[in-house]
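The values are calculated or read from the model by the stated rules, or taken from the named source; none is laboratory data. Keep in mind it's a predicted model, so treat the numbers as computed, not measured. Note that we place each Cβ from the backbone using ideal geometry, even for glycine, and neighbour counts take in every protein chain shown. The area values use the complete protein model at the heavy-atom level, side chains included, leaving out ligands, DNA and RNA. Shrake-Rupley method; radii C 1.70, N 1.55, O 1.52, S 1.80 Å.
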Amino acid sequence: PETMTTRFFPAYPWDKSSLKSMPVDLQQFEKLDAYALKVNVKNSVEELVKALLKQARTDLEKVRAIWMWICHHIEYDIVGYHNKSQLSSKPIDVLQTGKSICEGYAELFEQMCSIAGIQCVKLSGYSKGYGYKLGQTFTGDSDHAWNAVYLDGRWHLLDSTWGSGSVDDSFTKFTFRYNEFYFLTHPALFINNHFPDNSNWQLLKPTLTLKDFESNMLHNSNFYMLGLLTTHPETAVIQTVNGKASVSVDCRSATLFTFKLKGTDEHGLMTLKKHGMKLDIYPQKTGSHKLQIFAKPSKASEEVYNCVLEYIVECKSVDKAMRFPKDLHQPVGPSWFTERQGFLRPSHPDPIIHTNDGRCSITFTLGKDISVLASLHSDNSSLTEDMRRRHIMQIHRGNQIELKIHLPHAGNFVLKIFAKKKSDPGNYDYIFNYLITCLNTEVKWPAFPQSYSKWVEDYEILEPLSGLLPANRNVQFKLKMHGIAKVLVQAENTYPLTQCRGYWEGTCNTSGCREVFVMVHENANHSFYSHVLKYEVETQ
């Protein structure tokens, strides 16, 4: 199309506001689209266009009707692709066989527009389509064809081959799957996977070089259709620095993400942000690894994540310290998602909590009617189900919850947090997790005392916090409890606690016993005691 190049190509950088190169209201097309799909004329291209234009007034509507018809009636000719000598890209042949390769789609589109009185050109160039390998270079003849149409005083790009559906990985089967993205795609997005032979047809200023095109990230249509905006880095191959590589994605609205590095998500740390996500990858083997990132809108209940990005991570050295426990779930740490589940104002917004003395304390403001369960997991620890919970103590003050954690030893731990509505009889649902790390090998905290069902949520232990008491000692007790008449500590002998300003205090001697119980009288007139806490006593 040499004559076209004299026209002025307006420059347009993508302002992120629209995926299209002109304002398009898809709802206004609903009637027209439905009409175009039903048109069934196969004897001549002229007759087909005439039938399609019955419902189309503006140039945009004419182009839309032609586009919709082609995308839903012409299938990709896989056999023809493998045996090009038998293949005709003539519009009338494409129309009558109902199949073609990109060349035929583009020629049919061009001819139908021309009959409709709309300027349209067929463009050819390189594409990152079927068979594209991350980071590859492009040489030789162009491998794809598409169109530009002239509407409202400027040129617009579209690709009806890719609008019609997709081919499977083995290139044996075509599936009709309409894709709106390739209709009047914004040039700054179209360049992502279409590189025209004539760079003027990028419709961009400045134009990209072939080298830019080769090294730039491939964002597929899922990426943009999900409202994702930008990625960092923008190149497909990432080198690790000291065993670590980082990727981030920005998006318009709350989006859920997952990832796979060589098919698993255990060698990374992903955090959700209000407008995107951040991922730190720590490969545990050197070499080249494929990294895939998947996303879905937060409103989608059905569990379908779409692949939106692929990188190659080249790892030169491994950071062994960042080997994560296998119980760690992605994403890690609090986010807009955990806020929605009722965990507000976290004291620790980051996914990793470092502790030097093996103790930490995490607080949240809880939404209404929420009951919490937390447990501690580690790869090299033989914690039983019961002990996983006993190294965490919940303290409730009004709508605040504090989780006090005493680690049994050094290492990497996963703190898993579950919740349910208090009014629900059912099970607890997993909500999120933190990674807790402690390098201090001296650390060896005993579990907290065991509590029984009569220990009420907003009771609090001030001392002793350790569930393991020293032998033959006087031990000081201070407990915050309300609504009870009497408190006893049962060791070899029984020791009453006295109430003072909302606290029950006193001492007990641990000699001659293996266990110590705290018991309460709920009513002064009853002789019945309930166990609320149980402590172990060290053996001599």
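Observations on the structure shown:
- DSSP beta bridges in the chain [antiparallel fraction, %, rounded to 5]: 90
- In the context of the full protein assembly, residue 143 retains an accessible surface of approximately 80 Å², using a probe radius of 1.4 Å and ignoring ligands and nucleic acids.
- Cβ-Cβ FRET estimate between residue 428 and residue 239, R0 fixed at 51 Å, reported to 0.05: 0.75
- Cβ-Cβ FRET estimate between residue 229 and residue 298, R0 fixed at 22 Å, reported to 0.05: 0.85
- The convex hull of the Cα atoms of the stretch 225-315, projected and averaged over all directions, covers 5.5 nm².
- Greater than 28 Å apart at Cα, pairs in 20/62; 486/534; 290/420; 133/274; 211/316; 211/299: 290/420; 133/274; 211/299
- For the chain, carbon and sulfur atoms together expose 49% of the accessible surface, with a 1.4 angstrom probe and every protein chain in place.
- For the stretch 450-537, the per residue solvent-accessible surface stands at 54 Å², with DNA, RNA and ligands left out and a 1.4 Å probe.
- Computed from Cα positions, the angle between helix 102-115 and the longest principal axis of the chain comes to roughly 60 degrees.
- Within the stretch 336-438, percent of DSSP bridges classed antiparallel, to nearest 5: 90
- Under the criterion of Cα pairs below 8 Å and six or more residues apart, the relative contact order for the chain equals 8 percent.
- Counting 0.36 nm for each residue step from residue 354 to residue 25 and taking away their Cα separation leaves a gain of 113.3 nm.
- Residues whose amide H comes within less than 5 Å of that of residue 332, counting only those at least five positions distant or on another chain, are 270, 271, 272 (H built at 1.01 Å from N in the peptide plane).
- Here the label points at residue 365 and residue 210, each 7 Å from Cα along the C-beta direction, are separated by 6.0 nm in the simple model.
- Residue 315 sits with roughly 10 Å² accessible to a 1.4 Å probe, with DNA, RNA and ligands left out of the calculation.
- Structural descriptor for the stretch 346-427: relative contact order 38 percent, calculated from alpha carbon pairs under 8 angstrom and at least 6 residues apart.
- Reported label for calculated Rg and Dmax of the Cα atoms in Å given (1) 28.2, 98; (2) 33.1, 105; (3) 30.1, 92: (2)
- Across the stretch 389-410, the residues whose backbone nitrogen lies under 17 Å from the label position 7 Å along the beta-carbon direction of residue 418 are 389-394.
- Taking max minus min of the alpha-carbon positions on each principal axis, the stretch 438-540 gives extents of 50, 31, 24 Å, largest first.
- Taking each residue as 0.36 nm, the span from residue 75 to residue 539 lengthens on full extension beyond its C-alpha to C-alpha distance by 159.1 nm.
- Of the peptides 79-91, 320-332, the order by per-residue mean of other Cβ atoms within 10 Å, starting with the highest, comes out as 320-332, 79-91.
- Residue ranking by accessible heavy-atom surface, 1.4 Å probe, largest first, among 49, 237 comes out as 237, 49.
- Listed by chain and number, the aspartates and glutamates whose alpha-carbon sits under 15 Å from that of residue 320, ignoring those within fewer than 8 places in the same chain, are 266, 280, 379.
- Calculated on the alpha-carbon coordinates, the convex hull of the stretch 141-250 measures out at 154 cubic angstrom per residue.
- Debye log10 I(q)/I(0) at q = 0.12 Å⁻¹ for the stretch 26-204, Cα point scatterers: -0.53
- Net lengthening on full extension, residue 493/residue 468 (0.36 nm per residue, minus Cα-Cα): 7.2 nm
- Two numbers describe the Cα atoms of the stretch 336-438: Rg and Dmax, which are 13.4, 39 Å.
- Taken one residue at a time, the phi angles of the stretch 481-487 give Karplus couplings (6.51, -1.76, 1.60, θ = phi - 60°) of 9, 9, x, 10, 9, 8, 10 Hz. Gly and Pro are set to x.
- Each residue of the stretch 304-321 was assigned a 3J(HN,Hα) from its phi angle through the Karplus curve 6.51 cos²θ - 1.76 cosθ + 1.60 (θ = phi - 60°); the sequence is 9, 9, 9, 5, 10, 8, 9, 10, 10, 9, 9, 10, 9, 9, 9, 9, 5, 5 Hz, with glycine and proline shown as x.
- Where trypsin sites (Lys or Arg not before Pro) fall in DSSP loop in the stretch 156-253, at most 16 other Cβ within 10 Å: 173, 177, 252
- Amide hydrogen neighbours beyond the local backbone of residue 350, cut-off 5 Å, H modeled: none
- For the stretch 301-376, the alpha-carbon coordinates run over 47, 43, 19 Å along the three principal axes, in decreasing order.
- Per the chain, cysteines lacking a partner by the 4.7 Å Cβ criterion: 71, 102, 251, 307, 315, 360, 438, 500, 508, 513
- Computed [θ] at 222 nm, helices only, for the chain once each DSSP H run of length n ≥ 4 contributes -39500 (n - 2.57): -4500 deg cm²/dmol
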